[in-house]
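Everything on this sheet refers to the single structure shown next.
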Amino acid sequence: MSTFQKVKAIKNREITAAENIENKIEKINEKDDEINAFIEKNSEALERAKEIDRRIEKGEKIGKLAGLGIGIKSNINAKGLRATCASKTLEDYTSTYDATVVERVRNEGGTVLGMNNMDEFACGSSGETSAFGPTQNPAAMGRIPGGSSSGAGAAVSAGMCDLALGTDTGGSIRNPASHCGVVGLKPTYGLVPRQGLIDLAMSFDQIGPISRDVSGSALMLEVIAGRNSSESAMFDVDPVEYLAELDSDVDGMKIGISPKFRELTSPEIMEPIDQAVDYLSGMGAEVVEVSLPNLEKGMPTYYLIVSVEFFSATRKFDGRKYGHKIEDVCGEEVLRRIIRGKHISRKEFKGKYYKRALQVRTLIKKELADALNQADVIVGPTVPKLPHEIGEKLSPSEMYAYDYLTVPANLGGLCAGVYPVGEVDGVPVGFQVQAPSIDETTVLGVMRALELR
């Protein structure tokens with residue numbers, strides 16, 4: 001049963017919201033001691049579902065997410081639950097308000113099941129940097145689920161929630177979606193409100209959905225997208241019914257793929273990617289080669305900019321108002337980024353690192369725009385290598401390499417989605433689709449075409 005079909009079944013009283021949420025709670029209780037996808041569970045979830053059922057019985061209007069169980073990444077505020085960012089810094093911080101996206105989810109009948117584990121302060125690509133322990137990959141136990149939205153991806157993959165909200169700064173929705181064999185969508189920066197998000201890097205962070213099917217991501221995006229009057233850095237666009245506009249017809253569409261993807265990616269991962277491209281071609285899509293000569297520069301450029309923005313963002317965590325002083329209790333990767341950002345920001349280095357990184361960001365953005373003038377979408381692998389075993393020691397550069405293929409979309413302001421297209425040695429492989437800003441309908445349509453294979 002797809003996400004959309006489940007909502008219809010709940011509204012038609014074929015199943016109850018309470019039955020669905022009870023099922024999710026049972027799975028959490030059964031599986032999460034091993035998977036560790038949740039930092040905190042919502043004790044009021046079942047009562048919330050029963051209220052949805054009472055409203056259905058009375059014939060009252062209910063929302064688009066009525067009766068669905070939702071996981072929330074622990075850097076998004078949800079009133080009454082702890083927004084820890086998976087850090088000792090905020091381990092006792094309980095949210096006093098709902099982020100705009102959480103408010104919209106609740107208003108549409110979604111039931112918040114709890115707060116998902118993550119890499120500490122979203123600093124990581126593996127799910128291992130959490131102060132509350134690493135998250136397991138339900139699709140490949142013993143391996144990392146990807147990060148930083150590790151708990152969100154794992155919870156959806158394990159069936160512990162219907163949908164989850166993650167955040168994507170440089171691939172943090174798409175990376176776990178690929179590793180865990182689920183659907184992930186990074187919306188265009190400025191399409192979804194960021195109010196209530198504890199940011200990693202304010203010029204990159206975007207909240208988006210993780211789901212088991214394309215209809216789930218379309219439905220969640222429909223709920224959370226749209227202008228918030230209190231935010232200035234947002235597109236002023238009309239609401240879109242993404243679910244109704246889900247179109248799997250790729251006949252005549254131009255899909256671009258860069259030779260750089262093959263150069264950077266393990267050959268075994270390219271096999272299911274090539275098969276997916278061949279399928280789209282067989283459905284009438286035209287495959288064109290696009291040039292992205294500076295693709296490798298994206299990763300170091302991204303980490304220079306992110307480190308500066310993260311250093312600035314963490315200055316409020318000085319121990320006086322929010323929890324503990326971050327430098328006193330944080331993990332190694334968080335401290336590494338703080339120190340790097342502080343160093344790059346020094347007056348004597350003005351223009352040497354940060355300014356040049358911004359110039360390269362502009363260059364990469366132009367290259368992506370040129371490529372998308374030749375093609376409707378850019379497609380290819382999501383991550384260049386299979387997820388490593390939990391506990392395996394990687395150097396920082398080896399860990400950052402997971403992001404080579406995802407950071408360009410954030411640097412270039414694109415929207416991007418991931419759909420699972422196969423496995424290598426039992427490990428899922430995700431197919432990435434990137435499109436120009438505010439063209440989520442095309443991304444969802446291509447993923448839907450792959451879903452119908």
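The values are calculated or read from the model by the stated rules, or taken from the named source; none is laboratory data. All values derive from a computational prediction rather than experimental measurement. Cβ: placed from backbone, ideal geometry, glycine included. Neighbour counts: every protein chain shown. Side chains are part of the model used for accessible areas, which takes the heavy atoms of the whole protein and leaves out ligands, DNA and RNA. Shrake-Rupley method; radii C 1.70, N 1.55, O 1.52, S 1.80 Å.
Structure values in brief
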read-out	value
Sum of side-chain charges, Met399 neighbourhood, beta-carbon under 15 Å (Lys, Arg +1; Asp, Glu -1)	-3
Among 149-161, 311-323, 361-373, the order from most to least packed when residues are scored by Cβ within 10 Å on average	149-161, 361-373, 311-323
Lysines with Cα under 19 Å of Lys8, excluding same-chain neighbours fewer than 8 positions away	Lys24, Lys50, Lys58, Lys61, Lys64
Eligible aspartates and glutamates near Lys27 by straight Cα distance, threshold 20 Å, same-chain separation 8 or greater	Glu19, Glu40, Glu44, Glu47, Asp162, Asp213
Estimated [θ] at 222 nm from DSSP helical runs (n ≥ 4, -39500 (n - 2.57)) normalised by residues in the chain, nearest 500	-11500 deg cm²/dmol
D_trans [Stokes-Einstein, Kirkwood Rh over alpha-carbon pairs] for the stretch 299-349, 4 °C, 1.567 mPa s, µm² s⁻¹	114 µm²/s
Probe 1.4 Å, accessible area per residue of the chain, Å²	39 Å²
Rule-of-thumb Rg ratio for the chain [Cα; 2.2 N^0.38 Å; N residues]	0.91
Under 12 Å, Cβ to Cβ, from Gly412 - net charge with Lys/Arg +1 and Asp/Glu -1	+2
Ordering of 50-59, 254-263 by burial proxy (mean other Cβ atoms within 10 Å per residue, highest first)	254-263, 50-59
Cβ-defined net charge surrounding Ser307, 9 Å radius [Lys, Arg +1; Asp, Glu -1]	+3
Gap separating the Cα centres of the stretch 133-184 and the stretch 270-304, nearest whole Å	22 Å
Mean Cα-pair separation over length for the chain, i.e. relative contact order, pairs under 8 Å, 6 or more apart, %	17 percent
Ratio of the Cα radius of gyration of the stretch 261-343 to 2.2 N^0.38 Å, where N counts its residues	1.77
Cross-link reach list, lysines versus Lys385, counting only Cα pairs under 25 Å and skipping chain neighbours closer than eight places	Lys73, Lys186, Lys260, Lys297, Lys365, Lys393
